[in-house]
Amino acid sequence: MRFRSSDTPVSLRRYLAWWMIPSLAVILMVAAFWSHSSAEDAADLAYDRSLTTAIKSIAENIHADDESIFVDIPYSAMDLSVEGGVQERIFYAIIGPNGRVLTGYEDLKPPPEIWPPQQQPLLVDSEFRGHDIRLGIFAKRLYAPEFPNGDAVTILFAETTEARTHLAWHMFLDSLRRQLLLIAAVVLPIMFAVSRAFSPLMDLRESIRQRKAEDLTPVPVKDVPTEVLPLIEAINSHIARLGKMLQARRRFLADAAHQIRTPLAVLGMQAEYGGRQDDPDEMRRTFGSMLGSIRGTRHMANQMLTLARAEQAGGLIPDRASLGFAALVRDVAGDFAALALEKNIDLAFEGGDDNVLVSGNAIMLREMVSNLVDNGVRYTGAGGYVTLAVRHEDGCAVLSVADNGPGIPSAERDRAFRRFYRILGNTHSEGSGLGLCIAREICHAHGGTIRLADGPQGTGLSVEVALPAVAPRARNDAAGLFPESPPTHPRSISD
């Protein structure tokens with residue numbers, strides 16, 4: 001039996017009842033069958049002994065004398081027994097050596113299959129005058145050689161079966177009552193034990209109901225049944241994820257309030273200053289400064305929203321798909337070609353294997369690569385270079401973004417992944433200090449790693465991202481499903 005999904009909650013007590021009641025009913029029926037069979041056997045044994053005793057008592061009172069047979073049936077053998085209001089009927093017949101009935105019922109005959117009789121009482125079930133009877137047959141020798149047809153007389157003695165049937169049913173019902181009492185004595189403690197077993201769950205429910213909305217401490221597992229521990233552990237795991245998500249949201253709101261307050265104040269002062277100017281050139285310069293502040297604020301707001309979305313994922317990336325990592329990086333590099341040309345920066349992409357695949361969310365991975373390329377282009381001076389490369393290494397798709405900009409000192413690299421972190425002495429005005437933080441969150445959410453190192457010539461910065469690779473797709477160049485791999489030498493995007 002399984003729980004069926006429905007709008008009605010499923011009761012464990014009802015579930016146990018559905019299992020216990022049919023099982024106990026089957027057990028009771030089997031026990032009742034055995035009890036009835038045992039009761040019939042016991043009643044038959046008791047009455048058969050009484051019937052055998054009566055036959056032997058009659059046989060002891062039969063003797064022969066001068067070719068005459070004398071039959072004296074004792075009163076004790078003919079005593080009609082009464083059991084619970086059921087009166088038993090007795091039938092008998094004494095058959096002489098010549099086959100004539102000496103006394104008794106003329107039409108009482110033994111069944112053909114047990115003739116001739118034995119010198120030991122034999123009991124069989126039969127029918128006589130519409131009654132079910134238990135018939136006993138016995139052959140007694142008289143040891144009188146003067147009888148021409150032998151010296152054995154046959155004793156037929158029968159009694160109806162109503163009394164033994166009534167006794168069997170009485171014994172069966174008495175046994176059945178004891179069995180029902182025994183089952184009740186078993187079921188009641190079981191139900192009590194089940195209720196007691198659920199009491200810790202009821203206490204746990206009340207403790208959770210009384211919690212405050214902001215209380216995300218783990219559910220205590222003390223006095224909780226071991227069968228419920230996996231559920232409590234799953235709830236605690238979910239609470240931990242909620243706690244991390246709420247903590248990230250609180251941190252985001254605090255950082256957003258702190259970081260947006262300053263640009264808004266600057267915009268307000270610029271607007272007030274521009275409003276006091278009469279010189280059109282000064283007003284244009286003021287509004288140009290305001291436009292730059294708006295762009296920087298918009299860029300920071302977009303990055304903060306991206307960071308919030310990456311932190312909220314927490315390793316649970318939605319809409320995962322297998323995608324070509326090299327193609328994605330190449331497309332992102334193309335998006336920054338115009339900015340690189342404007343700053344006179346050589347933006348190049350080293351051809352990677354298009355069969356290097358990763359499983360992830362294309363939008364978030366694109367955002368990660370965009371932040372790394374944006375950092376490289378923004379912080380590299382005119383005449384510098386930014387080189388992107390994708391390779392397959394040790395089961396991972398590795399992205400390298402290297403530049404010859406100012407770089408990050410080794411002592412500062414661990415702190416560089418903190419949000420809004422700025423290196424002392426860096427006066428770049430357009431950066432928000434979120435690019436590396438966003439890249440790390442997205443990388444970790446995809447199960448990857450990210451590290452900072454020196455540039456190729458020992459100057460600048462090299463950022464390496466390693467993501468778990470998936471099995472490469474089967475090629476089918478004849479069908480034109482995949483284009484030819486790009487050349488392996490660096491190709492300048494910004495040319």
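Which members of region 306-319 meet the condition of being at pLDDT 65 or above and surrounded by fewer than 13 Cβ atoms within 10 Å (Cβ to Cβ)?
Of everything in region 306-319, just one residue is at pLDDT 65 or above and surrounded by fewer than 13 Cβ atoms within 10 Å (Cβ to Cβ), namely 319.
Take residue 45 and tell me if it is in a helix (DSSP H, G or I), at pLDDT 80 or above and buried (at least 17 other Cβ atoms within 10 Å of the Cβ).
For residue 45, the condition - in a helix (DSSP H, G or I), at pLDDT 80 or above and buried (at least 17 other Cβ atoms within 10 Å of the Cβ) - is not met.
Pick from region 234-250 the residues that are touching a residue at least 12 places away in the same chain (Cβ under 8 Å) and of a type outside the set (A, V, I, L, M): which of them is farthest from residue 441 (Cα to Cα)?
Selected residue: 236.
Conditions (1) open to solvent by less than 20 Å² (accessible area, probe 1.4 Å); (2) more than 18 Å from residue 438 (Cβ to Cβ), marked per residue:
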residue: 330; (1), (2): no, yes
residue: 356; (1), (2): yes, yes
residue: 360; (1), (2): yes, no
residue: 365; (1), (2): yes, no
residue: 369; (1), (2): yes, no
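Go through (1) among the aliphatic types (A, V, I, L, M); (2) within 30 Å of residue 244 (Cβ to Cβ); (3) modelled with pLDDT of 85 or more; (4) open to solvent by less than 20 Å² (accessible area, probe 1.4 Å) and name the single condition residue 416 misses.
(3)
Check region 170-182 and report whether any residue there is in contact with a strand residue (DSSP E or B) (Cβ under 9 Å, 6 or more places away or on another chain) and either part of a strand (DSSP E or B) or modelled with pLDDT of 85 or more (or both).
yes
List the residue pairs whose Cβ atoms are under 7 Å apart, where the first residue sits in region 359-371 and is in contact (Cβ under 8 Å) with a residue 40 or more places away in the chain and in a helix (DSSP H, G or I), the second is among the polar types (S, T, N, Q) and buried (at least 18 other Cβ atoms within 10 Å of the Cβ), and the two are 6 or more positions apart or on different chains.
367/306
The values are calculated or read from the model by the stated rules, or taken from the named source; none is laboratory data. Note that the coordinates shown come from a computational prediction; the quantities given were computed from them, not determined experimentally. Cβ atoms come from the backbone with ideal geometry, glycine included; neighbour counts cover every protein chain shown. All accessible areas refer to the heavy atoms of the entire protein, side chains included, with ligands and DNA or RNA removed. Shrake-Rupley method; radii C 1.70, N 1.55, O 1.52, S 1.80 Å.
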